[in-house]
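Q: Dropping the structure in here first, questions after.
The values are calculated or read from the model by the stated rules, or taken from the named source; none is laboratory data. All values reported here derive from a predicted model rather than from experimental measurement. Positions of Cβ are backbone-derived with ideal geometry, glycine not excepted, and every protein chain shown enters the neighbour counts.
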Amino acid sequence: MTISIGGSDLPTETITFTRVPEEIKRTQHILLFLISIVLSIHIIIFIMVIYSLSINYRTNTFEPIINLCWILFFAIGIFVTQRYYTMGLFIFAWCGILNIVLTCILIVFVTVAIVIITSQSSKQISGIPFTIIPIVACLTSVIFDAVIVIFSFKLWYLIIKNQKPTDHHRV
């Protein structure tokens, strides 16, 4: 098909949009849903920390900074997932693995501290449930992060597998 503009014939090529496979879409939607849940939890925690700082209930000023870092991390995760950025998904997934490892190390240290504290003083047994709550929260975080990492790597692999190779990518 040609288009005639001012006497010259300009060939037009049909622009074909490559259709995203259903498995990639499904994986993307699941990953976006999971990241959105964790992001909303961190936003709620951030609001609660800011409120507790404003009424002088807490004095740790590093907590809002840590929560802002997590909010930024998961917002970037949503961005790279939505845009199908392969390198961004790969880096996001490896940072998630690093997060899991560091959280597991934290769980071990907190557990050892709880055992040491409770073995030294048998009087304060009533405080044990409040010290177990952070461990349960960390384990829940590890489970969510593990699922997010699995789906990030899966989406990364599916995108790489379904990309059309260009001249500089061919072997």
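Q: In this structure, is ILE148 out of contact with any helix residue (DSSP H, G or I) (no Cβ under 6 Å at 6 or more places or on another chain) and either of a type in the set (A, V, I, L, M, F, W, C) or modelled with pLDDT of 75 or more (or both)? Walk me through it before giving the result.
A: On the way: out of contact with any helix residue (DSSP H, G or I) (no Cβ under 6 Å at 6 or more places or on another chain): no; either of a type in the set (A, V, I, L, M, F, W, C) or modelled with pLDDT of 75 or more (or both): yes.
When the stated conditions are applied, ILE148 does not pass them.
Q: How many residues does region 11-24 contain that are surrounded by 13 or more Cβ atoms within 10 Å (Cβ to Cβ) and either modelled with pLDDT of 95 or more or assigned to a helix (DSSP H, G or I) (or both)? Before the answer, list the steps.
A: If we filter region 11-24 for residues that are surrounded by 13 or more Cβ atoms within 10 Å (Cβ to Cβ), which is where we start, we get 20-21, 23-24.
Add one more test, that the residue is either modelled with pLDDT of 95 or more or assigned to a helix (DSSP H, G or I) (or both), and what stays is 23-24.
Within region 11-24, residues that are surrounded by 13 or more Cβ atoms within 10 Å (Cβ to Cβ) and either modelled with pLDDT of 95 or more or assigned to a helix (DSSP H, G or I) (or both) number 2.
Q: Can you name the condition, by its number, that SER122 falls short on among (1) at pLDDT below 85; (2) under 20 Å from the mean Cα position of the chain (by Cα); (3) small (Gly, Ala, Ser)?
A: SER122 satisfies all of (1) at pLDDT below 85; (2) under 20 Å from the mean Cα position of the chain (by Cα); (3) small (Gly, Ala, Ser) except (2).
Q: Quickly run through region 54-103 and pick out the residues that are within 19 Å of VAL147 (Cβ to Cβ) and at pLDDT below 90.
A: Answer for region 54-103, where residues must be within 19 Å of VAL147 (Cβ to Cβ) and at pLDDT below 90: just THR103.
Q: Can you tell me how many residues in region 37-63 are more than 21 Å from VAL142 (Cβ to Cβ), surrounded by 11 or more Cβ atoms within 10 Å (Cβ to Cβ) and touching a Phe, Trp or Tyr at 6+ places or on another chain (Cβ under 9 Å)?
A: 1
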